[in-house]
Amino acid sequence: MSYYFQIRRLGRHNQRSAQLLGLAWPTILTFAVLASRSLIDVWMIGRLGTEDLAALAPAQLVLAFILSFGIGSVISVNAFVAQARGTGQDQVCGSYAWQGIWLGAGYGVTVGILGYVGADYFKLFDHEAAVVTKEIAYFRIAILSCPLQVVSFVLINFFLGIERPFFPMFVVLGSVCVHTVIGLVLVFGNWGFVGLGIAGAAWALVLSTVFQTFVLILLMWIVPSLQKFGGRKAGLDLSKLKGVIVTGCPIGFRDILDNIAWTLALIWLIGRWGTIHLASASVLLASLDFLILPCDGLGAALVTMIGNSIGKGKPALARSWFLAALAIMTTYALSAGLLFWAFRETLLNFFSGDPGVSALSQSLAFFVTILLLLYAWYSAYDHALCGAGDNLWPALANFIVCVVVLGVGGILLGNSFPTFESYGGWGLVTIYLAFVVALFRFRWRKGYWGSQRLVSSKEIS
C-alpha cells in the first residue's frame, strides 16, 4: 500500500513539473532572449577591441545596479496578480499592473536623470583613461532606457501572473531582432551609417526597449480576451500602490544587493588587476547571465503558481510547486554548467579575439559552473519566498552577508592575498552566494510564509 501511495505522489510531482514547465518554457525563452542582448553586445563590441570590451561590462553593471531596485520592486506585481486570480478576482489584476507601471515609470525617470548627470563617477574606478571614456559614452545613452525598462518588466510580470506568457515571449523576440539590426548598423556603420562604436550598442538598447514597451502596453489595452483582467484600469489606486511598494521594496533592496555583489566583484575586486582581467570578467559575466536566465524564467512561473496557491489558501500545494521547480532548476544547472565547462574553449574564443583574455577566461570558467548551480538554488528559494510575499527577512539576511563577505572579505583579500588576482574576486562571490542560499533555505523551511496574504479574498475593485 505504501508503494502505491509513493507512486501516486510521484505521479502528482511529475504532473506538476509538466504543468510548471508548460507555463515556464515561454517565460524561460523570454528571459533567455533578453539575456541574449548582452551576448550580442559582447560579440559586437568584442570586434572593436579589448578596451571597448573592458568598458562594456562595468557600464552595463552600473546600469543594472541602478535598475535593480526598480525592477526588483515591481516583481511583486506577479505575486499580486497571481493571488488575485487565486481568490477569483480577475478584474483587479490590471489595476495592480498599472500601479506597478506608475511606480516603475517614476523610479526610472528619477534614476535616469540622476545617472546621466552623475556619469563621471566612472572616473573613481581607477580604470585606464581610454576605458573610462568608453564607459561614460555607453552609459550616458543607455541610461535613457531606464523608465521603459522598468515599465516593460512590469508588463512582463502582469502577463505571467495571468498565465499568458506567450504575449511577452513574441514581443521580446521582436525586440531583440530590433536590437540586433540597430546594433549592426550603428556599432559598425553598416549600410551607409556612421559607425558609433560602443555608443551604437547603447542606442540599440534604448530603441529596442521603446519598441518592446509600446507593443506590450498596446496588447494589454486592445486584446479583447485580456479585458476580463482589467487591463484598461489605468487609474492611480493609492491602496494598491502602497501594497506594491511595501511588498516590492524589500525585493528591490535584495536585488540591489545582488548587483552590488557583482559590481564589487567586477569593478573593485577584479578591475584592479587591469584591462585583461576586466575584459575576461565581461565575457564570463555575459555567459553566466545567459545561463542563469532560464532559472529566472522558471522562477517567475514559480511566483505565479505559489501566489495562486496561497490565494486559494493551499500552502501545501505551494510547497509541491516549489519542489518541482527546485528539481527542474537543479537538473538544468548541472547539465548546462558541465556542458559549458566541457566546451569552454570554443565558447569563450568566440567572444574575444584577444588570446590573453581568452586564456584567462578559460582558466576561470569553472567558477561559472559552480555559480550556475548555486544560482539555481538561490532562484528557487528567492522566487518561492517572493510568491508568498515573504521578502523583508531575506532582504536583511542578504544585506548582512553582502557586508561581511564582500565588504570585509574584499578588504582582507586586497590587503592580505593580492596574488590571488581574479581568482580571489570570483571566489568571494561564490562564497557570498553559498551563504545566501543557505539562509534562504532556512527561511523557506521554517514556513512563516504560509499564513501571509497579499490580496484579501473580499477585495472588490
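Taking the dipole about the Cα centre of segment 12-451, with the C-beta of Lys and Arg at +1 and of Asp and Glu at -1, give me whichever of A84, M169, T430 is farthest to the positive side.
About the Cα centre, the residue reaching furthest to the positive side is A84.
Looking at the P(r) of segment 333-386, how many percent of alpha-carbon pairs lie beyond 12 Å?
Of all Cα-Cα distances in segment 333-386, 65 percent exceed 12 Å.
Could you please report the charge total around L439, scoring K, R as +1 and D, E as -1 over all other residues with beta-carbon less than 12 angstrom from its beta-carbon?
Once positives and negatives cancel, what remains is +4.
Ranked highest first by average number of other Cβ atoms within 10 Å, how do 71-83, 193-205 line up?
Working: 71-83: 29.3, 193-205: 20.9.
The densest-packed peptide leads the list: 71-83, 193-205.
State log₁₀ I(q)/I(0) for segment 372-450 at q = 0.11, 0.15 Å⁻¹ as given by the Debye formula over alpha-carbon point scatterers of equal weight, solvent excluded.
-0.33, -0.56
Once R0 is set to 25 Å, what does the formula 1/(1 + (r/R0)^6) return for the Cβ-Cβ distance between I431 and L338, expressed as a FRET efficiency to the nearest 0.05? Don't jump to the answer; show the numbers that get you there.
On the way: r = 22 Å, r/R0 = 0.87.
Efficiency computed from Cβ-Cβ geometry: 0.70.
For I292, what is the net charge nearby, where nearby means another residue's Cβ is under 15 Å from its Cβ and Lys, Arg count +1, Asp, Glu -1?
-4
Give me the aspartates and glutamates in straight-line cross-link reach of K233: C-alpha distance below 14 Å, same-chain residues under 8 apart excluded.
D90
Using only Cα atoms, figure out Rg for segment 12-451 and give it as a multiple of 2.2 N^0.38 Å.
Taking the Cα Rg and dividing by 2.2 N^0.38 Å, one obtains 0.94.
Work out, in µm²/s and without decimals, the Stokes-Einstein translational diffusion coefficient of segment 43-136 at 25 °C, 0.890 mPa s, Rh from Kirkwood over C-alpha pairs.
Taking Rh from Cα pairs, D becomes 155 µm²/s.
How long are the semi-axes of the equivalent ellipsoid of segment 296-358, defined as square roots of 5 times the Cα gyration tensor eigenvalues? Whole Å, largest first. Each step should come with its number before you reach the end.
Values: eigenvalues 307, 29, 6 Å².
The answer is 39, 12, 5 Å, longest axis first.
Given L385, F122, G447, which one lies farthest toward the positive end of the charge dipole of the chain, if we put +1 on the Cβ of every Lys and Arg and -1 on the Cβ of every Asp and Glu?
Final value for the positive-end residue is G447.
How high is the relative contact order of the chain? Use alpha-carbon pairs under 8 Å, at least six apart in sequence, and give a whole percent.
About 26 percent, as a whole number.
Using only Cα atoms, locate the centre of segment 46-82 and the centre of segment 369-415, then give the distance between them in Å, rounded to an integer.
Taking the Cα centre of each part, segment 46-82 and segment 369-415 sit 17 Å apart.
We did not get these values from a lab; they are worked out from the coordinates using the rules stated. Treat the numbers as computed from the prediction; the structure is a model and nothing was measured. Here Cβ is always computed from backbone atoms with ideal geometry, including for glycine, and neighbour counts include all displayed protein chains.
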